[in-house]
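Only the coordinates and a few stated rules stand behind these numbers; no lab work does. Bear in mind the structure is a predicted one, so any value in this text is a computation, not a measurement. Here the Cβ positions follow ideal geometry from the backbone for every residue, glycine too, while neighbour counts run over all protein chains shown.
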Amino acid sequence: MAYKRNSDTLNRITLCAVSLIVFAVLMFPLYWMLVTSFKKEIEIFQVPPTLFPSVLNTDSYFAQLKHGDFNMFGSFKNSFVISFCAMLISLVLAIPASYGIARFQFRGKRLCILSFLVTQMLPVSVLLTPMFILFKNLHLLNKQFSAILSDATIGIPFSVLILMSYFASIPKELEDASRIDGCNRFSAFLRVFLPIASPGVIVCAVFSFLYGWGDLAYGMTFLQDQKMRPITAGIFNFMGQYGTKWSYLTAFAVVTIIPVVLIFVFMQKYIISGLTSGAVKG
Amino acid sequence: MNRIRLFFRYGNIGYLFVLPAMLYMLALVGYPIVSNFILSVQDVTVTTLNAPVKPFVGLRNYRMLFADGVLQTSLVNTFVFTCCCIVFQFIIGFALALFFNRDFSFAKPIRGLLMIPWMIPMTVTALMFKFMFSSNVGIINQFLQSWGMIGQPIEWLLQPQLAMFSLIVANIWIGIPFNMILISTGLTTIPPELNEAAAIDGANKRQSFFYITLPMLKPVIESVLLLGFIYTFKVFDLVFVMTNGGPVNSTHLLSTYSYKLSFTLFKYSQGAATANILFIILFAVSVMYLRFVYDDKGAA
Amino acid sequence: MKKGFRTVCVILAACALFSSGAFAQSKTTVTIWNYWETPKHQETLARVCKDFNDSQGKIEVVTKYIPFADFKKQLSIGAAASELPDIVIIDNPDHASYSGMGIFADITDKMASWPDLKQYFDGPLNSCKLNGRLYGLPFGSNCLSLFYNEDMLKAANCQPPKTWDDLKSVALKTTKGKVHGFGISSVQNEEGTFGFLCWLWGTGNSSFKINDANGIKALSLVRDLVKSGAMPKEVINWTQGDTMNQFISGNLAMMVNGPWQVPTMREQAPNLKWNVVQLPIGKKAASDLGGENFGVVKGDKVDESLAFLKFVASPAEMKTYINDFGYIASRKDVAATQFTNDAVMKVFSAQMASAQPRGPHPRWPEISDALSLAMNESLTGIATPEAAAAKAQKTIDSIVGTK
């Protein structure tokens, strides 16, 4: 018994060590970004490159606070509002749709799945002009609603397809049992299926949010007012006519991701509880 | 009224669930797809952009594209890029998902942190990789040289095949979290009792992986692969920033080539035609996939 | 109740304020798109607009920043959707394309009576023209010259090169360890074309002729520089900004670049000893004309837009901003008064005499693409200069022939 515990501990230490190595390898580009943001522009281009800044330069970070008429905090809020609303739209529309496809037999089901996929088959750059004309006619240009609506078009098909496989994998017996317990289809959906699929729902929420967060093309094209634009648009402040300002660009990226990382770390608990819910057990 | 009720009585009630999302997508994306198709059979360039009637030219744009030659390169590149990325992203993502599914204290926080590549704006990631792969000041060559693995710096982004390789590496890096998290979530829906029962019945780890885990994950894997294929096939920002199709048009994908035609050369119709070719391929792949996956389930 | 009453009063007052505000707002708004991202440029442009807005009571000019990397796309989309500003400030080689698209108004007749038009240099003014008609006005100009690191050249015991042969030998002599002798942005896009054309023109050719002894000579020059190791192959991934960064980080002994880099270089590398000379000469002196133009968009605000252009183009106003922008004025009378105390900028001023505009041709982007492709092919050794030249000529002929 004692032996087993020892080998268990050893095993765990190995696992931790391996995970750290994996972490280090995969995160190296991020480390490099962080280090670059603390270097002076000249040092960035030094041969050979330095693994750690020789002079710690924090100017790039302070420069983020005041840059032309692009407001870091304002654009952060814009990004948040846009991605959050896009996420809500995606979930509200995708959850029932995926449930419908997974649990009902109806004519043209395959066509349904196909048409969701079809909407993802053109590169964003091609969609911009027609969408621009569409939003112009709807008088939505230069309103955040246009970015929200267009960002949701990335999240919906993704969520439908992912959730569909979750709903499909729930055993039929469970549904029958709930029917016996007196649930109709809608309450079965709300009280039985949704909780079981909750890890999937959370993952879809996370991805839909991140699709909106990472979007640059839509927010850039449909919103021409600097005050409306998402935070990603700020990248252009450092990739201008005169080339790339590396230290600023990387500092900007670090500042952009820190709050999101914090949200994720904070939400980990909930995401994990979603991930480990064992509804099927019962 | 009765007829309507009859229609929705059984499985057709599924329409009610599906319709709102479907209408939303068709309203926003259906129109662009149609308009792109029309544009591709017209002749819209610098001189005809503002003409009231655009000349119809049939398939001429497609013929001209094939005559030029860059389209073929882009087609091949797109397939190579997609297949390599999908295979490696999936394998690495799956392996990591299994690894972090085990119970040890670092598992959850590290798995969470590995999502960060997804949160960085794609443009920044692409610039970062371009920088790391540069042959003079790039850190990758620096490492390889200091470890004695190479003598001369490797010209990563300066030679066609190597440039393609670098793009694939960068895209795999971005794609790993996508695969890992989706498969991780799938793993958690497999009741642990199944594996425990199998262990009692004398199954070893390999057996329980192939006979329990994989079949249980099948629907998740299918959707991850299909979505991965579609999203990778139309990757744009990464290539646009890292190589912009260079050196000498050797790393263009259909998406970047289409962008170049439309917004750099102002050959709008040829750009639309290129995007349409991309569209048709993805469409064909999806139809085949759905045939393959749903036929055995007998969805009416 | 009382509270409700007060609210109503506040709302009424607010309405009154707003409506009176709207009443005073009988001004015509003229919108300008620009892609200058640096704070100094933005501030200066805003100040110029304010000067104009304060100078009269009928027109209100507002500026909108569209990022450089997104500008062409945004303008194409806007054109397709007929949702455009009233004035755009654009890169001069693109002017003819947009004129060809029918986005810009033909202002030839309206400007005919404007006496100052004679004051403009031919190069910049021609870049605003298409088929002899005028579609805008130059904003300001720049060109390319040769930057060199004084210490590195001294250490190699070299003088700044005057001819192509000098350039090759000095570049080779200064190449040492991590330092390359020479660099020029050679990306496969307009930026690369920009850098390459000064060689092509230096042989006496026009932008449209590359498949002859001269064109091949120009292509061979870049190839030889790379082959001998004096120029890193990586220039095909270097923007002009990257090239400047390499130079100030001490990785390049010489580079070709423009005056817009000068302020950054002085700020970022105050201790670096560098200087500028005119470009080495092949058969004749040649440099590239860069810079921005005002394009006046078709529509019902052309007159208001022209009023603004005439204001900013007046010598008195131009003197207040052109130096801050780091441009060389496109007007002879203003250019003559610029940079009297700045030796470096004076070189660029002098170089302007041999600077030519690219094109102008409505399908310039395609021509430019063919040229930069040929340059990249021979630079990387993927094709011989002869083969690259032949291919590019075929493309160019198919475009220019159909004009």
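Here are a few things to note about the model shown:
- Ascending count of other beta-carbon atoms within 10 Å, so fewest first, for B:THR189, C:THR108, C:THR340: C:THR340, C:THR108, B:THR189
- Every Cα-Cα pair in the range B:92-170 was counted, and those over 18 Å apart are 57% of them.
- Other residues whose C-beta falls under 13 angstrom from the C-beta of C:ASN293 contribute a net charge of -1, scoring Lys and Arg +1 and Asp and Glu -1.
- Within the range A:238-255: backbone nitrogen closer than 13 Å to the A:MET72 label point (7 Å, Cα to C-beta): A:248-255
- Comparing C:ALA155, C:ALA105, C:ALA335 in a Gaussian network model of chain C where C-alpha atoms under 10 Å apart are linked, the largest mean-square fluctuation is found at C:ALA155.
- Here's how it looks for C:LEU289: its modeled amide H is under 5 Å from those of C:GLN356, C:ARG358, which are all 5 or more places away or on a different chain.
- The order of C:SER145, B:SER258, going from fewest to most other C-beta atoms within 10 Å of their C-beta, is C:SER145, B:SER258.
- For C:THR63, the residues 5 or more places off, or on other chains, whose built amide H falls under 5 Å of its own are C:ILE32.
- Mean-square fluctuations from a GNM of chain C, with a 10 angstrom spring cutoff on Cα atoms, peak among C:HIS95, C:HIS41, C:HIS361 at C:HIS41.
- Förster radius 41 Å - calculated FRET efficiency between A:ARG107 and A:PHE84, Cβ distance, rounded to 0.05: 0.65
- In degrees, nearest ten, helix A:124-137 long axis to first principal axis of chain A (Cα): 80 degrees
- The range A:238-265 and the range B:202-265 have Cα centres lying 25 Å from one another.
- Relative contact order, percent, chain A [alpha-carbon distance under 8 Å, six or more residues apart]: 30 percent
- Cβ-based exposure ranking for C:MET111, C:MET352, in which fewest neighbours within 10 Å come first: C:MET111, C:MET352
- Over all other residues within a Cβ to Cβ distance under 15 Å of C:PRO263, the charged ones net out to -3, with Lys and Arg as +1 and Asp and Glu as -1.
- Distance between modelled label sites at A:CYS183 and C:ALA46, nm, 7 Å Cα→Cβ extension: 5.8 nm
- Computed per residue of chain C from DSSP H runs no shorter than four, each worth -39500 (n - 2.57), the mean residue ellipticity at 222 nm is -15000 deg cm²/dmol.
- Computed E for B:ARG60/C:ALA387 - FRET, C-beta separation, R0 30 angstrom, nearest 0.05: 0.60
- Over all Cα atoms in the protein assembly as shown, the spread is summed up by Rg and Dmax: 30.5, 102 Å.
- Here the range B:19-48 is scanned for amide nitrogen atoms under 13 Å from the site 7 Å beyond the Cα of B:ASP68 along Cα-to-Cβ, giving B:44-46.
- Near C:VAL187, the amide H atoms lying under 5 Å from its own belong to C:GLY192, C:TRP238; only residues 5 or more places off or on other chains count, and H is placed 1.01 Å from N.
- Listed by chain and number, the lysines whose C-alpha is less than 17 Å from the C-alpha of C:LYS154, apart from same-chain residues fewer than 8 away, are C:LYS162, C:LYS168, C:LYS173, C:LYS176, C:LYS273.
- Neighbour net charge for A:PHE76 - beta-carbon separation under 14 angstrom, K R +1, D E -1: +3
- Where labels lie 7 Å past Cα in the beta-carbon direction, separation of A:ASN142 and A:ASP225 in nm: 0.7 nm
- The simple spin-label model puts a point 7 Å past each Cα toward its Cβ; for C:LYS176 and A:LEU194 those points are separated by 7.4 nm.
- Whether the range B:84-251 is rounded, prolate or oblate, judged on the alpha carbon gyration tensor where a/c under 1.5 counts as rounded: prolate
- Near-label residues of the range B:37-74 by backbone N, under 11 Å of a point 7 Å along Cα→Cβ of B:PHE283: B:37-38
- Considering only C:ASP122, C:ASP70, C:ASP91, the mean-square fluctuation computed in a Gaussian network model of chain C, springs between alpha carbons under 10 angstrom, is largest for C:ASP70.
- Ordering of B:29-40, C:187-198 by packing [mean C-beta count within 10 Å, highest first]: C:187-198, B:29-40
- Between A:PHE238, A:THR256, B:ASN50, the Cα set farthest toward the positive side of the dipole of the protein assembly as shown (charges on each charged residue's Cβ, about the Cα centre) is that of A:THR256.
- Helix C:39-55 axis, angle to chain C major axis (alpha carbon atoms, nearest 10°): 40 degrees
- Residue-by-residue Karplus 3J(HN,Hα) for the range A:235-241, coefficients 6.51, -1.76, 1.60, Hz, glycine and proline x: 3, 5, 4, 10, 10, x, 4
- Cα gyration tensor, chain B - rounded (a/c under 1.5), prolate or oblate: oblate
- Longest to shortest principal axis, alpha-carbon extents of chain A, angstrom: 73, 71, 28
- For the range C:62-73, Karplus couplings with θ = phi - 60° (6.51, -1.76, 1.60), whole Hz, Gly/Pro x: 10, 10, 10, 8, 10, x, 3, 5, 10, 5, 4, 5
- A:ASP59/A:ARG12 FRET efficiency (R0 45 Å; Cβ-Cβ; nearest 0.05): 0.55
- Given C:LYS64/C:LYS310; C:LYS283/C:LYS332; A:LYS143/B:LYS234; A:LYS77/C:LYS298, the pairs whose alpha carbons are separated by over 29 Å: A:LYS77/C:LYS298
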